[in-house]
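Quick note: the coordinates plus some simple rules give every number you see, no bench work behind them. Since the model is a prediction, treat every value here as computed from it, not as a measurement. Ideal geometry is used to build each Cβ from the backbone, glycine not excepted, and the neighbour counts take in all protein chains shown.
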């Protein structure tokens with residue numbers, strides 16, 4: 001089964017939005033996971049306070065991004081925003097990102113999993129309701145303390161009980177945040193709730209900051225996608241490369257391009273694309 005493979009935009013952020021689109025085309029990809037963040041990257045201008053920008057202006061700018069991407073054959077299939085949504089102003093930022101996602105045609109917003117259940121669960125319920133009005137799902141990242149493995153992720157989902165709240169399964173974070181764990185077994189426990197995937201490699205080390213180009217670690221991505229295929233997963237999956245081992249000695253344009261190229265080649269080699 002072929003999949004919608006994106007690139008998580010922070011890898012290419014130094015190229016700017018238009019340059020990011022060009023880099024995608026250079027490796028034969030046509031989908032972007034646009035990480036907006038608290039500052040609404042590529043939407044808000046330097047010095048602007050995102051929550052003070054009128055909603056209609058946000059939508060107008062989002063339409064511009066969509067058109068700019070479409071002109072280069074790129075779809076903005078996912079938006080991301082990793083903020084502390086338990087705080088009221090950050091929850092409103094997530095809502096802005098959901099609206100941007102609706103305008104650009106994204107299917108999913110990826111965010112964190114919360115820190116304090118007493119505050120995070122009501123916030124997620126509210127965000128789930130708002131996401132429903134936008135037609136997007138929200139996928140919570142594989143992060144502690146509420147989503148770093150199957151037990152905690154399922155507890156969180158049981159408490160939220162909203163069909164729009166799903167999981168973003170991160171193929172490397174499952175090892176980074178858990179000691180001696182079987183990532184594939186965890187994915188099988190969670191598969192019916194997975195709405196998005198971060199394709200990330202590592203040596204499966206607990207708290208080891210090694211997330212290189214795909215294929216430079218030891219995670220068997222073919223097995224991961226076999227599990228997804230067996231379950232009929234149709235969500236998006238974004239390439240994520242980070243950490244000091246990812247780009248050689250420095251995050252130069254040349255090293256970034258090499259890491260992305262190797263990653264795409266590895267996914268083709270194992271039959272994911």
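Distance between the modelled labels on residue 57 and residue 179, one decimal in nanometres: 5.1 nm (7 Å Cα→Cβ projection).
For segment 124-273, count all C-alpha to C-alpha pairs, find those more than 27 Å apart, and express that count as a whole percent of the total. Kindly include the intermediate steps, with their values, before the conclusion.
Numbers: 2744 of 11175 pairs.
Roughly 25 percent, rounded to a whole number.
Among DSSP bridges having both ends in the chain, what percentage is antiparallel? Round to the nearest 5. The partial results should precede the final answer.
Working: 1 of 30 bridges.
Given both bridge residues lie in the chain, the antiparallel proportion sits at roughly 5 percent.
According to the Cα-based calculation, Rg over Rh for segment 97-171 is 0.96, with Rh computed by the Kirkwood formula. Go ahead and set up a Gaussian network model of the chain, Cα springs under 10 Å, then flag whichever of 207, 196, 162 fluctuates most. Maximum fluctuation in the GNM of the chain, among the listed residues, is at 207. When the alpha-carbon atoms of segment 136-178 are used, the pair Rg, Dmax equals 10.0, 29 angstrom. If you wrap the Cα atoms of segment 197-273 in a convex hull and average its projected area over all directions, you get 5.2 nm².
Between residue 207 and residue 48, the modelled label-to-label distance comes to 4.1 nm, taking each label 7 Å out from Cα in the direction of the beta carbon.
Can you pull the semi-axes for the chain, root of five times each eigenvalue of the Cα gyration tensor, sorted largest first, whole Å?
Numbers: eigenvalues 135, 118, 56 Å².
Rounded to whole Å, the semi-axes are 26, 24, 17.
Please order 233, 210 by the number of other Cβ within 10 Å, starting at the fewest.
On the way: 233 21, 210 18.
Ascending number of Cβ neighbours within 10 Å: 210, 233.
Between 36, 51, 124, the GNM of the chain built on Cα springs shorter than 10 angstrom shows 51 fluctuating the most.
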